[in-house]
Amino acid sequence: MAAAPKRVPLPAILLANDLLDGDVVFAVTDANGQLAWTRDPALALVASDDPAAESLEAFAAAELAGNRVVDAYLVDVAMETGQPVPRHFRERFKTLGPSNRPDLGKQAGDGISAGQRV
Amino acid sequence: MYRYDEFDERFVRERVAQFRDQVARRLDGSITEDEFKPLRLKNGVYLQLHAYMLRIAIPYGTLSSKQLRQLALIGERYDRGYGHFTTRQNLQFNWPKLRDVPEILDLLADVEMHCIQTSGNCIRNVTADHFAGVAQDEIEDPRPTAELIRQWSSLHPEFDYLPRKFKIAVTGAEHDRAVIKAHDIGLRLRRHPDTHEVSYEVSVGGGLGRTPMIGKVVRDYLPKNDLLAFLEAIMRVYNLEGRRDNKYKARVKILVHEIGVEEFRRRVEEEFARLDGPSVNADPAEVARIADYFKTPDYEVLPATSRVLEATKAANPAFARWIEVNTIPHKAPGYAALTISLKPVGEAPGDATSDQMRLVADLAEQYSQAEIRVTHAQNLVLPYVRQRDLFAIWQRLGEAGLASANIGLITDIISCPGLDYCALATARSIPIAQAIQHRFADDNRQKAIGELNIKISGCINACGHHHVGHIGILGLEKRGIESYQITLGGDATENAAIGEILGPGLAAEDVPDAIERIVNVYLSERAEGESFIENVRRIGLAPFKAAFQEVAHAVA
């Protein structure tokens, strides 16, 4: 039996790319208490324990199978001023946008102001 | 320029319809991402860090004004108003939506363009000298050869699932501006010393990436008529013998290295002898038909030197400097081939806005037979400019921020997109290029340093050609931070060489200091008229290593 993939350290958030747009999206709990996607990294649901991480992993698997997102994976974060910030520089760029173009990506409000929840 | 015939047109349109259907099936759940991924890659669609990326083929780097205008339109309508010209003479859009890609492919087909074979384990877009047809040192225009290979290799059923991607470059000149020795196959048109017939020198097994190698010559003088049969023989040996169990050892360079060039050559010659050459090689009438599309344009009869140009140069030193740096001597008297720098200080190397693309398209239409070339160094070329028109072009480029006089100089940096865009990258490239550009922004300083090629890659895959940079910079991840390894002595020309590592990796903020110290060693040690790379070859790496170590120790 293949070993289960090692989970990233917690706390963690779930991110993915929207299938149609390619835009980076984050798992969030919607108004009905269901898992959904948001384009705003500040709203990303933070999993701090194993059951919460398992719930995000199950959501990722269902959403990948449902053809709503691609490339979904957990990212370990630190809490900075109440918001989750990826610890690794790669994922920080992914949640911000190109560092040479502050006018593009999440750092420019890309996809956030247009509607915070997918 | 080559123009599509009925077959080309139908072939591209059918491919667009196929992809439209494939996208629809992906969206309705008929096919999974695992099934869809190879299909989208075969149409140039990647998933990058922030969005999808679409890679568009520009065969041998030749574009018409109409095509460049269409790219500008696509950039504006479906992307963020800009595109990125790459080291493989392609154009990449960084933000297209998957749902829009079929529309984009339709717009490309309208101007005889597509994304076929810009990805996948097939023969990729064929590249060539960007001064093809106009350079004074040229023996023969390489573009008919590149076009012939494009037609032969497009959807070639036998070579559509190779062990790995396969890149071919062609040059027809003495001076290699197509980096042929860093390609899987490099072709150089040359005259046979006895018969004086134009033939091909064929190199195989060059490539960069994690195992950089310089291509080895397997044929000194291949008769032109035998080209396709000889290429077929090479591809068959590779297709049969290339490793498929390990993608990192699957390129033809590994095969050539493992069995040795002599054995590789023997196998190719054996296969070549076995092939029915006449059934594989192109019909001479077809070769002539293709060559006809690249025949010399109708040049005006002009004096070798324009008096208008000389007068404007005398009155305007900045213009004179731009002419000196950004133009090359032309085959036709009174003409120049002009390189437009896409490396203004502080901008991402190779990026052009839709407005800039439109301006270049207009200038090409007005002054350069409506033709543009894309260079492997991520710049654009107007190949057929009357010298007397250069001043007007310079003024209009200046208004658009495109008049940097830095071709071949220290700020003309090749840089891959790096971790600012690319999902494979391990560190950023563009901010490093920008920091170095700012450090050496002064025109007089750049001129004093002279020719110096810096090339930056954001990962081991080496899309930024760092191995063959006079100074190469490789971005890696080290203990959770970006780290930059510096190499010295690489060369992308006919004297192709792989650079050597100077020392331990540096933090991003220390890279400009390290480059400055390396340059200062050159400035203090150089002999009269000696270029940077000549100096490195003469004095060796030791003085440069010592200067580099001062930076490395200071920040350790």
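The figures follow:
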{"read-out": "Pick from the stretch B:433-462, criterion assigned to a helix (DSSP H, G or I), open to solvent by 10 Å² or more (accessible area, probe 1.4 Å) and in contact (Cβ under 8 Å) with a residue 40 or more places away in the chain, ranking: nearest to residue B:375 (Cα to Cα)", "value": "B:434"}
{"read-out": "Considering residues of the stretch B:395-441 that are small (Gly, Ala, Ser) and more than 13 Å from chain A (Cβ to nearest Cβ) only, the residue farthest from residue B:522 (Cα to Cα)", "value": "B:400"}
{"read-out": "Selection from the stretch B:355-370 of residues that are open to solvent by less than 10 Å² (accessible area, probe 1.4 Å) and either free of Cβ contacts under 8 Å to residues at least 40 places away in the same chain or out of contact with any Leu (no Cβ under 7 Å at 6 or more places or on another chain) (or both)", "value": "B:363, B:368"}
{"read-out": "Residue, nearest to residue B:151 (Cα to Cα), within the stretch B:279-313, restricted to residues that are acidic (Asp, Glu) and in a helix (DSSP H, G or I)", "value": "B:286"}
{"read-out": "Only listed residue being crowded, with 18+ Cβ neighbours inside 10 Å and at pLDDT 95 or above, chosen from B:301, B:325, B:308", "value": "B:325"}
{"read-out": "Qualifying residue in the stretch A:42-61 (condition: facing chain B (nearest Cβ under 10 Å) and without any contact (Cβ under 8 Å) to a residue 40 or more places away in the chain)", "value": "no"}
{"read-out": "Out of B:80, B:69, sole residue that is open to solvent by 30 Å² or more (accessible area, probe 1.4 Å) and within 14 Å of chain A (Cβ to nearest Cβ)", "value": "B:80"}
{"read-out": "Among the candidates A:60, A:36, residue that is under 21 Å from residue A:110 (Cα atoms) and touching a strand residue (DSSP E or B) at 6+ places or on another chain (Cβ under 8 Å)", "value": "A:36"}
{"read-out": "Single condition residue B:315 does not satisfy, out of (1) more than 25 Å from residue B:4 (Cα to Cα); (2) touching a residue at least 12 places away in the same chain (Cβ under 8 Å); (3) small (Gly, Ala, Ser)", "value": "(2)"}
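Table: residues versus (1) more than 27 Å from residue B:192 (Cα to Cα); (2) in a helix (DSSP H, G or I); (3) open to solvent by less than 40 Å² (accessible area, probe 1.4 Å).
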site	(1), (2), (3)
B:210	yes, no, no
B:219	no, no, no
B:228	no, yes, yes
B:257	yes, yes, no
B:264	no, yes, yes
B:270	no, yes, no
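Let's see how each residue does on (1) among the polar types (S, T, N, Q); (2) away from chain A (no Cβ under 14 Å):
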position	(1), (2)
B:92	yes, no
B:99	no, no
B:104	no, no
B:110	no, yes
B:141	no, yes
B:159	no, yes
B:174	no, yes
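The values are calculated or read from the model by the stated rules, or taken from the named source; none is laboratory data. What you see is a predicted model, and the numbers here were worked out from it, not measured in a lab. As a convention, Cβ positions derive from the backbone with ideal geometry for all residues, glycine included, and neighbour counts pool all protein chains shown. Ligands, DNA and RNA are stripped out before the accessible areas are found, and what is left, the full protein with its side chains, is counted by its heavy atoms. Shrake-Rupley method; radii C 1.70, N 1.55, O 1.52, S 1.80 Å.
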